[in-house]
Amino acid sequence: MNATEPDPDNPRALLMAGSDDLPPGIDLLRGLRTRRAAAQRRARRRTRALLPAGAVAAAGGTALAALLATSVGEAPSALAAVTGAMAKTSAQSYQFSLSSTTRFKNDAIFSSTTVSGAFDPRHKLGSEVLRARTFGGSKVAQIRFVGGYVYTRVTPGHGVGSTGKPWDKAPIPPLSAYVHPGQDLQGYDAERPISPAVLLTVLRSAATVRVVGPASGPGWTGTEYAFTAGPIYWENADVAIKEDVTGTVYVDHQGRVRRLETTTSEASWPGQHRLQITPVTTTDVLTFGGFETRVRVSPPPAGQVAYTAKPYWVFGI
Amino acid sequence: MPAGGPARDSHELDESFAAFVRDHGERHLRMAVLLTGDWHAAEDLVQASLIKLYRVWPRVDPATGDPDAYLRRIVVNTQRSWWRARWRRETPMADPPDTAAHDADADASALAAVIRQALRELPRRQRTVLVLRYFEDLPEAEVAALLGCSPGTVKTHAHRGLRALRARLGDEKGDCHERHGTRSGQPAGIADGRVR
């Protein structure tokens, strides 16, 4: 050793010396640039899931998902009416329109998404057009459901990986594959057809439902119901999230869901030592109509399709 | 500073993130090399951590958010998960500094390698506490919060870690002095192409 040797009794100097040989040429942003280049081939169909990698995937299997449920039962008939309407509506063909907006608590918009389309559950046919706008830009996704598969094309984009083919074909994943119970209230977070039945899981496990009163809309009359669900807790290595869901369901006199409004408030779990997330609130308005109309969808030309075991385009990075 | 304020476009986000990395990246890299023991692993660790930070960059709470502290937490947690997964095996350094050149840079490099090797021989928890406590200069309570243990445990790890580190460096010095005449004063293990 020479005269530059630090004093062992000065641990700070010792540790500083332990990193004094910083080599030149290290590019700390290289990994991010590589990752982003790959991510740009995907659509950010939605950014509610703008959470550390694995958060969405892990949540289905390992999240706490401790549904500290309020009891179901303030109005059992209300719950039965709502869940019954959801089940009935999702069992017949329907057209739908969804508007989803995520805002910071100061009301600034973080992301906004619209989806419109139709689905025939009996024949497992559906088509959707999804338009998403986030801080990362705008994307349009065409989505087709044929049989047990989902076909997706995103523009602007470069196609599916190195194949360059514009359409991705993948098996429709189970609802639990990518999302925790409170995250997907309509179906599209999980790359599934949008359906009123998706909310059933939340309502049946952790909700209070009550009758608000009569309601009506273009061409229908019925009843308005309100519900609250949660708090729903989930976590991974980086974040711990608490969600509260409130909503309103409009059911017509034929027992079909006409309008479904949900508000999901998302914040960090108090008292934990992981990343503090700026609270956001997502408002979803989903309307249904055109019941029992025939849905005509065909798969894209085979030459334009690349098969992947899991949906190639996913939410978030 | 990441904002919870009005949503910003991707260009602005990228600019602010790149500026943050320019200003703070090197210090986190230096912390990472003390945790991992070699620069390649440190670079991987910080890059992976920056990817995680970037994902939450638009949503870091301006009231409680301190991206520097966030990144430190991510680095420590990521390194811990890598260690758990044995993704980064703690193996002897493969590429020792060039021992032919005996100048100030070579001395600093050799000294740094010896210190890191001594750190690497400590239990991971002790090593992490030493790095956070003395390199990052965090108070015991903050280290405890970061590692999910009590301040008393931090104090114990720091005490034992320092004692072990001094003992190891003392051994190195003794060994080094024995070899001094034949290897131009290079620390033990460096001269023959490896760190023990």
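Values in this text are rule-based calculations from the coordinates and carry no lab data. As the structure is a computational prediction, the values presented were derived from the model and not from experiment. Cβ coordinates were reconstructed from backbone atoms using ideal geometry, including for glycine residues, and neighbour counts include every protein chain displayed.
Computed values, structure above
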quantity	calculated
Greater than 32 Å apart at Cα, pairs in A:105/B:52; A:105/A:169; A:88/A:310; A:242/A:310	A:105/A:169
Spacing of the two label points (7 Å from each Cα toward its C-beta) at residue A:216 and residue B:27, in nm	6.6 nm
Exposure proxy order (Cβ contacts within 10 Å, fewest to most) of B:146, B:50	B:146, B:50
Prolate/oblate/rounded call for region A:79-136, Cα gyration tensor, a/c under 1.5 rounded	oblate
Cα→Cβ-extended label distance, 7 Å offset, between residue A:123 and residue B:163, nm	7.9 nm
Ranked packing of B:106-119, A:89-102, most packed first, by mean Cβ within 10 Å	B:106-119, A:89-102
Order of B:66, A:252 - criterion: other Cβ atoms within 10 Å of each residue's Cβ, fewest first	B:66, A:252
Exposure proxy ranking, count of Cβ atoms within 10 Å, fewest first, for A:198, A:211	A:211, A:198
